[in-house]
Amino acid sequence: MLMALICAVCVWADEPFRNHRYDSFKVLAPAEGSILFLGNSITDMHCWPEAFKTSDGNYLPIVNRGVSGTYSTEQSNNLESYLANKPKKVFMMIGTNDLASSGGLNFTGEQILAYVKSIVERIQKRSPQTKIYLYSILNNNTSNRQQERWLHTNELVKAYAEENAANGVTYIDLYESLAGIASGGVWSYDNLHLTAAAYKVWCETICQYLEEGESYTVETVYKENTSEVQNNGGLTGANGMRATYFSMMPIAADDILVFGDEMVKNGEWQELLGNLNIKNRGTAWGYGGDIATTSKLVDATYAQTGVSKTDAKAIFLYTGTADANGTTDLETVKTNYKALVDKIMEKSPTSKLYLMSLCPTNNADNNSNRISVLNAYMESIANESDKIGYVNIYTPLLNGTVANTTYFYPNNYLGGKGYIKVAAQMKAALEADFSSLSLSVISDDEAEKRHTQAG
């Protein structure tokens, strides 16, 4: 029965997205002492690594292993690569998609608990010193989830955690404090996922657990008035909610921002490049993305929300996938792209801006007639200013006239080994301009080794 359910999952529309995110994790090994955030889109969407600071001003070693649309079955199948170096703490939210009656597994609370128990026991066996925190399923208002089922699941998971408290398992109840998600408003744009205002509450709740066993105190970077000043840049839905987080995140002079579409969003760049000051500003899930959406994310990022925002050290821009793979006249696409470049330079004039070429696809004609043309235009823009650089990620990912399938999985989604290729090009560009910058990217051989070991 379980295998039948897993096979059924594979035909759903977001399965390619989920697979490429899992594939990207195969080349990443969270460092010893990492804090692992495990879950579905509600975990995946947020920028956890930059949401907290310690009393001595440092970021916490948080790694995000949320996957939008995931199920407990899939997280269980991919668990081993997360545990390579024995994380110090694991925060886990499982069940939201499992209990969905359509587009989900239609699991009972007992079935969800079985997977929770299995995952916990495997973590404890592999890494017995790891502290495990189990979240409640959050309130929501969707037609394919029954409230009595998730409330029952929460009761089961809470009881299990309390029975295993002596073994390092803690239950964190977010349900009541985030009940407003079901009503939307400032808390959610779809009655399921969260805005910055809701994540502020979440972050404040878990500071005490992030402090457990540590010599420092932890604070969230979110301001008290987040619900009043969060800015969505004019976007709605998942991208609008992503924008609200960016609007509330500080920007420091040592930061490196990476703007772009789903390819950017899926990259855990602070891990890929070994630097916690690298900040993800990508769109939500789903292949591709357009220049107009990225432009609005830029607006939200630089919105005046009472948060300290200085010019970042550097900014990377990867956008236009949907535009280049569509039918919009290329001259119009170029005009829109240049307008975005000008906007970024106006908002952060002292930052070094790197224009990243678009990745090749499995369509040779489109690569030649549209993507390569737009990439050449990006390079011409960079040649006109010493404040702009061009990063060619197209050529290293190419096999003849189409994308090299070694680096993409599945279809045109970038895979784990592809992300290492991209990170290496970014590292080279940064080191040419900032020789003292601390960066670290694993080799292609190491990426192959990790990928093979992960299976």
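The values are calculated or read from the model by the stated rules, or taken from the named source; none is laboratory data. Computed from a predicted model, the values in this text were never measured in an experiment. FYI the Cβ positions are ideal-geometry reconstructions off the backbone, even for glycines, and counts take in every protein chain you see. Just so you know, the surface numbers come from the protein's heavy atoms only, side chains and all, with ligands and any DNA or RNA stripped out. Shrake-Rupley method; radii C 1.70, N 1.55, O 1.52, S 1.80 Å.
Would you check if Glu80 is under 28 Å from Thr195 (Cβ atoms), open to solvent by 10 Å² or more (accessible area, probe 1.4 Å), under 20 Å from the mean Cα position of the chain (by Cα) and of a type in the set (Asp, Glu)? It is false that Glu80 is under 28 Å from Thr195 (Cβ atoms), open to solvent by 10 Å² or more (accessible area, probe 1.4 Å), under 20 Å from the mean Cα position of the chain (by Cα) and of a type in the set (Asp, Glu).
The set of residues in segment 123-139 being open to solvent by 10 Å² or more (accessible area, probe 1.4 Å) and in contact with a helix residue (DSSP H, G or I) (Cβ under 6 Å, 6 or more places away or on another chain) consists of Asn139 alone. Any chance segment 93-116 includes a residue that's open to solvent by 10 Å² or more (accessible area, probe 1.4 Å), in contact with a strand residue (DSSP E or B) (Cβ under 8 Å, 6 or more places away or on another chain), outside any strand (DSSP E or B) and modelled with pLDDT of 95 or more? Checked against the condition, which is being open to solvent by 10 Å² or more (accessible area, probe 1.4 Å), in contact with a strand residue (DSSP E or B) (Cβ under 8 Å, 6 or more places away or on another chain), outside any strand (DSSP E or B) and modelled with pLDDT of 95 or more, segment 93-116 yields no hits at all.
For the structure I just gave you, tell me whether Tyr209 is in contact (Cβ under 8 Å) with a residue 60 or more places away in the chain, open to solvent by less than 10 Å² (accessible area, probe 1.4 Å) and within 30 Å of Gly57 (Cα to Cα). When the stated conditions are applied, Tyr209 does not pass them. Among the residues of this structure, Asn58 counts as one that is farther than 21 Å from Asp14 by Cβ and in a loop (DSSP other than H, G, I, E, B). Summed over segment 397-439, residues that are open to solvent by less than 10 Å² (accessible area, probe 1.4 Å) and part of a helix (DSSP H, G or I) total 9. Return yes when Val258 is crowded, with 22+ Cβ neighbours inside 10 Å, of a type in the set (Val, Ile, Thr) and not in a helix (DSSP H, G or I) and no when it is not. Criteria met by Val258. If you go through segment 224-249 and pick out every residue that is touching a residue at least 60 places away in the same chain (Cβ under 8 Å) and either closer than 26 Å to Lys88 by Cβ or more than 22 Å from the chain's Cα centre (by Cα) (or both), you end up with 4.
To keep it simple, each residue is scored yes or no on (1) under 20 Å from Ile393 (Cα atoms); (2) out of contact with any strand residue (DSSP E or B) (no Cβ under 6 Å at 6 or more places or on another chain); (3) open to solvent by less than 10 Å² (accessible area, probe 1.4 Å); (4) not hydroxyl-bearing (Ser, Thr, Tyr).
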position	(1), (2), (3), (4)
Asn266	yes, yes, yes, yes
Arg281	yes, no, yes, yes
Gly286	no, yes, no, yes
Gly289	yes, yes, no, yes
Ala300	no, yes, yes, yes
Asp311	no, yes, no, yes
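Candidates Lys200, Lys158, Lys223: the one that is at pLDDT 95 or above, among the basic types (Lys, Arg) and open to solvent by less than 30 Å² (accessible area, probe 1.4 Å) is Lys200.
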